[in-house]
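Note sheet for the following structure.
The values are calculated or read from the model by the stated rules, or taken from the named source; none is laboratory data. Just so it is clear, the structure is predicted and the values come from calculations on it, not from any experiment. Ideal geometry is used to build each Cβ from the backbone, glycine not excepted, and the neighbour counts take in all protein chains shown.
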Amino acid sequence: MGAIRIMVWSAELTVINKVDNFTLLIRKAKHMKKVNWILVLVLGLMTINLFGGETTNFSGTWTLDETKLTGDPNMPRMDAKKIIVKQNNDSLATERFYSNPMMGDFTVSEKLTLDGKECKTVEEYGTRLSTATWSEDMKCLTINSTLKMNWDGQDVEMGSVEIWSLEQESILKIDITRDTPMGSMKDIIFYNKL
């Protein structure tokens, strides 16, 4: 009878020992998951700091550098003479001041979110739908716009793609492609910071 008790007791100890080992393994696995998540978080933050850098800030008052304009100087330009930009983490507000012989002097104000969502702006000449998205390195901002307007009784739609970047801290470069009823036009426009 004593031998049976020893065998039962030995079997119980083996089971208890295996349960304790299993519990210990589970605790180690949970600890390793925490360690892995911490490592992933640290590596992710390091990657953002190393490669992402800071987002370009376009805030300021910018004036058109007419000495760098290309194209026929006798043709009326569709470029703003001055742009005032207010940028924060998630939005970009612009006031563009225009002056041309066909449309006179006027100002267009627009507020865009920087997450690619479509924003609607009602202007004197029509309705503009725009999106703004960052390049992967957060150095260039692409603004896609469609302006729907009525010109002399006809519905007209014009699109544009502007790619904003800074050359030095004091020069705003805008690569622009305009889709008009007369065809597609590309240009590069420079603005100096005041």
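Taking the criterion of being modelled with pLDDT of 75 or more and either closer than 13 Å to Asn100 by Cβ or not assigned by TED's automatic domain parsing to the domain that holds Thr94 (or both), the residues of the stretch 70-82 that qualify are Arg77, Met78, Asp79, Ala80, Lys81.
Screening the stretch 92-137 for strands (runs of 3 or more DSSP E) wholly inside it with 3 or more residues that are touching a Leu at 6+ places or on another chain (Cβ under 7 Å) and crowded, with 17+ Cβ neighbours inside 10 Å returns the ranges 126-134. Across the stretch 141-194, the qualifying residues are those that are under 19 Å from the mean Cα position of the chain (by Cα) and small (Gly, Ala, Ser), and the one among them that is farthest from Glu110 (Cα to Cα) is Ser165. If only residues of the stretch 40-67 that are under 20 Å from the mean Cα position of the chain (by Cα) and outside any helix (DSSP H, G or I) are counted, the one that is modelled with the lowest pLDDT is Gly53.
I'd like the full set of residues that are of a type in the set (Asp, Glu) and within 18 Å of the chain's Cα centre (by Cα), limited to the stretch 119-140. It would help to see each step written out before you state the result.
So in the stretch 119-140, the residues of a type in the set (Asp, Glu) come out as 123-124, 136-137.
Glu136, Asp137 - these are the residues of the stretch 119-140 that are of a type in the set (Asp, Glu) and within 18 Å of the chain's Cα centre (by Cα).
Residue-level check: of (1) modelled with pLDDT of 95 or more; (2) out of contact with any Asp or Glu (no Cβ under 6 Å at 6 or more places or on another chain), Lys186 misses just (1).
Have a look at Tyr98, Tyr191, Tyr125 and point out the one that is farther than 21 Å from Gly71 by Cβ, touching a strand residue (DSSP E or B) at 6+ places or on another chain (Cβ under 6 Å) and of a type in the set (Phe, Trp, Tyr).
On the way: Tyr98 fails: farther than 21 Å from Gly71 by Cβ; Tyr191 fails: farther than 21 Å from Gly71 by Cβ.
After ruling out the rest, the residue left standing is Tyr125.
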